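The values are calculated or read from the model by the stated rules, or taken from the named source; none is laboratory data. No experiment lies behind these values; they were computed from the predicted model shown. Reconstructed Cβ throughout: ideal geometry from the backbone, glycine too, with neighbour counts over all protein chains shown. We work out accessible area using only protein heavy atoms, side chains counted, and drop any ligands, DNA or RNA first. Shrake-Rupley method; radii C 1.70, N 1.55, O 1.52, S 1.80 Å.
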Amino acid sequence: MSDFEGLKALVTGGASGLGRATAELLAARGAQVAVLDLDPSSVEKPLLAYRADVTDDASVRTAVAAAVAELGGLDVLVNNAGIGAQGSVEDNDDEEWHRVLDVNVVGMVRVARAALPHLRESAYAAIVNTCSIAATAGLPQRALYSATKGAVYSLTLAMAADHVREGIRVNCVNPGTADTPWIGRLLAKAPDPAAERAALEARQPTGRLVSADEVAGAIAYLASPLSGATTGTSLAVDGGMQGLRLRPVGQ
Ligand SMILES: NC(=O)c1ccc[n+]([C@@H]2O[C@H](COP(=O)([O-])OP(=O)(O)OC[C@H]3O[C@@H](n4cnc5c(N)ncnc54)[C@H](O)[C@@H]3O)[C@@H](O)[C@H]2O)c1
C-alpha cells in the first residue's frame, strides 16, 4: 500500500511548476489531490481544481471549503503559490513590496488559516511550505524575494511550534534554482538567456538546475505519514548550493 493511500491533499500554485509536479506525485502515491491556483484551467483529472487568489481571503476560504467538501477532509496542505521579484532594496517601491509579501507570506497564512480546522481532524496532518535557498543564502538582486522567503522560513518554525501538540507537522522545502516555467520567464527577460542559464547552472555544485520532480519528492517526504517525527525543519533541495563550498574546476 502506498504511503498517501486514503489521504487528501491541497496544493496551492498547483497548476504549474513545483506545485504541479507535487500534486501529480501525491496523486500517483495514492492521495486525492485538489489544486488551488489563480489559473487552474490546465489542471486535469484525477486532480481537482479550484480557482482562488491567495491575496483574497474570501476567495481562499471559499476554495478551501469547496475542496475539503469534495475531498471529504484534509490531511496535507502544500503551501506553494508564490511569485518572484528582482532587484536590490532600491529597485522596488512600497507597492511592490506589499504586493509580493502579500502573495508569498500572507497568502500562506490565509490558506493555512482556512485549512487548520480541517487538518485538526486528521490523524496524519502535515503542512509543507515552499521556501527557497533565498531564505538562507544572500543572493544578489533578490532583496524583496529573499525577505519574503526568510519570513516563510520563520513562519514555518513558529507554526510548527504552535501546532505540534495538535498533531499537525509543519516543515518547509528550500529549492535552489529549479527548472520551471518561472525560470523560463526569468531567462526570457535576460539579455542573453543561454548565458544566464549557464550562470545559474554553474552556481549549483551539481552543475545543473534542480528538477521539479526532485522538489516534489522532497515535499512528499515531508508530507508523508512515514515522516511522523519530522517537524520544524527545512529541507534543502538545491544541488548542494547552501551547504557546499567547492574549489573551481581544475584547482
Ligand atoms: N523555480 C525556482 O527556481 C524556485 C526556487 C525556490 C523556490 N521556488 C518557489 O516555488 C514556488 C512555486 O514556484 P514555481 O517555480 O513552480 O513557479 P510557477 O510560476 O511555475 O508556478 C507558480 C504557480 O502559483 C500560482 N500563483 C501565483 N500567484 C498566485 C496567487 N496570488 N494565488 C493563487 N495562485 C497563484 C501561479 O498561477 C502558478 O500556477 C514559489 O513559492 C517559489 O517562490 C521556486
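General observations
- Of all residues in segment 1-16, those being within 20 Å of GLY84 (Cβ to Cβ) and open to solvent by less than 20 Å² (accessible area, probe 1.4 Å) number 5.
- Filter pass, ALA85 being open to solvent by less than 20 Å² (accessible area, probe 1.4 Å) and outside any helix (DSSP H, G or I): yes
- Take the conditions (1) open to solvent by less than 70 Å² (accessible area, probe 1.4 Å); (2) within 11 Å of the ligand (Cβ to nearest atom); (3) touching a helix residue (DSSP H, G or I) at 6+ places or on another chain (Cβ under 7 Å); (4) under 30 Å from ASP94 (Cα atoms); TRP182 misses just one of them, which is (1).
- Of the criteria (1) touching a Gly at 6+ places or on another chain (Cβ under 8 Å); (2) basic (Lys, Arg); (3) within 10 Å of the ligand (Cβ to nearest atom), which one LYS8 fails: (3)
- Qualifying residue in segment 179-190 (condition: of a type in the set (A, V, I, L, M), part of a strand (DSSP E or B) and at negative phi): no
Here's the yes/no breakdown for (1) within 10 Å of the ligand (Cβ to nearest atom); (2) open to solvent by 50 Å² or more (accessible area, probe 1.4 Å); (3) hydrophobic (A, V, I, L, M, F, W, C):
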position	(1), (2), (3)
GLN32	no, yes, no
ASP53	yes, no, no
LEU74	no, no, yes
GLU96	no, no, no
LEU119	no, no, yes
TYR124	no, yes, no
SER132	yes, no, no
ALA143	no, no, yes
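- The single condition among (1) surrounded by 14 or more Cβ atoms within 10 Å (Cβ to Cβ); (2) among the charged types (D, E, K, R); (3) assigned by TED's automatic domain parsing to the domain that holds GLY87 that GLU196 does not satisfy is (3).
- Residue match in segment 157-171 (condition: in contact (Cβ under 8 Å) with a residue 24 or more places away in the chain, within 13 Å of the ligand (Cβ to nearest atom) and either part of a strand (DSSP E or B) or under 22 Å from ARG20 (Cβ atoms) (or both)): no
- Checked against (1) buried (at least 21 other Cβ atoms within 10 Å of the Cβ); (2) under 26 Å from LEU226 (Cα atoms); (3) in contact (Cβ under 8 Å) with a residue 40 or more places away in the chain, ASP37 meets all criteria but (2).
- Residue match in segment 214-221 (condition: in contact (Cβ under 8 Å) with a residue 40 or more places away in the chain, in contact with a Pro (Cβ under 9 Å, 6 or more places away or on another chain) and within 15 Å of ASN79 (Cα to Cα)): yes
- Among the numbered conditions (1) modelled with pLDDT under 95; (2) open to solvent by less than 70 Å² (accessible area, probe 1.4 Å), the only one that LYS189 does not meet is (2).
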